[in-house]
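Comments concern the structure below.
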Amino acid sequence: MHQNPLVSIVIPCYNHGDYLLDAINSVLEQSFRNIEIIVVNDGSDDKETLEILNSINNPLIKILSQENAGPVIARNNALKIAKGKYFIPLDADDLICHDTIENAVKAIERDPEIAVVHGDCQYFGEKNHLFVPDKVNAKNILIGRSIPLCTLIRKEAFDQVGGFDEFLSRKGLEDWDLWLTLLEKGWKFEYLSGIQFKIRDINSSRTYQVANKNLPELKSYIYKKHSDLLAKEFELFYHENKNLKNTQDYQIGNMILKPFRWIKKRF
């Protein structure tokens, strides 16, 4: 076990200069100190963003620049040079809570089969609400009970599954795809209670402007890509429900409800 492994924080940035320094500062203020930050300028053409990127002068921060290709390709490019044992994908308009990295590293270091450590997220901005995830398993992820991308990820696991699917770079939902791919390979997910990240909710976000508009196409693509997992889960669901009528709990429940069904049919 490494007591203090390096963690890489990857921040793609496209014209998010008004939020970028807040995201970076939330990382620099972490209780966990062994970090590197890789900011990818994804073809920004906003004057303020370019000025802020040019003003950054910190040995912990690397700046990469690329032609605009979307955040998936930006993250993959950053992770080609990342040196961390673990990494965190952090959007340029989001924040990480003070003890998140420290607590997440402790959790993931306990079990080499854990690929992802995730927790609760506080959405803020135009809408404010707390997100508490459902248990991560194939069934829940397949039906859309996913988790946000802001997590701690084991780079070994990420590399094993080939990184983010770059077809989704301009379309979205690369997190949904990644979780399914990791589950297919047998990797574990670990939940940390409490708020770990703060996610900015704005109507101009990629989720609203891109992913939601492409949802039918994205669902078709992802379900086809993960058809073996989908078929396996459907088969399990079928057999669970097929056998349900034979269980004592079902028979007792059916007996209790029988007179109510009789009344409903007549009235």
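Observations on the model:
- Shape category assigned to segment 38-105 from the gyration tensor of Cα positions, a/c cut at 1.5: prolate
- The local environment of ASP111, defined by Cβ-Cβ distances under 9 Å, has a net charge of -1 under the rule Lys, Arg +1 and Asp, Glu -1.
- Separation of the alpha carbons by more than 22 angstrom is noted, of LYS171/LYS232; LYS83/LYS135; LYS106/LYS225; LYS80/LYS155; LYS80/LYS198, for LYS171/LYS232; LYS83/LYS135; LYS106/LYS225; LYS80/LYS198.
- Distance (nanometres) between label positions extended 7 Å along Cα→Cβ at LYS47 and ASN140: 4.8 nm
- Backbone N atoms of segment 8-35 closer than 13 Å to the 7 Å Cα→Cβ label point of SER55 belong to residues 17-22.
- Accessible area of segment 131-197 divided out per residue, in Å², using a probe of 1.4 angstrom: 42 Å²
- Solvent-accessible area assigned to carbon and sulfur over segment 96-175 amounts to 48 percent, based on a 1.4 Å probe.
- When the residues LYS219, LYS47 are ordered by accessible surface, computed with a 1.4 Å probe over the protein chains alone, the sequence from largest down reads LYS47, LYS219.
- About its Cα centre, segment 10-138 has a charge dipole of approximately 580 debye under the convention of +1 per Lys or Arg Cβ and -1 per Asp or Glu Cβ, with nothing else charged.
- Tensor-based shape of segment 93-222 (alpha-carbon gyration tensor, a/c under 1.5 rounded, otherwise prolate or oblate): oblate
- Average Cα contact separation per residue, segment 63-139, under 8 Å, 6 or more apart, as relative contact order %: 13 percent
- Subtracting the Cα-Cα distance of ASP159 and LYS224 from 0.36 nm times their residue separation leaves 21.2 nm of extension gain.
- Spacing of the two label points (7 Å from each Cα toward its C-beta) at LYS232 and LEU215, in nm: 2.8 nm
The values are calculated or read from the model by the stated rules, or taken from the named source; none is laboratory data. Just so we're clear, the structure is a prediction, and the values are computed from it rather than from any experiment. Cβ sites come from the backbone with ideal geometry, for glycine too, and all protein chains shown count toward neighbours. The area values use the complete protein model at the heavy-atom level, side chains included, leaving out ligands, DNA and RNA. Shrake-Rupley method; radii C 1.70, N 1.55, O 1.52, S 1.80 Å.
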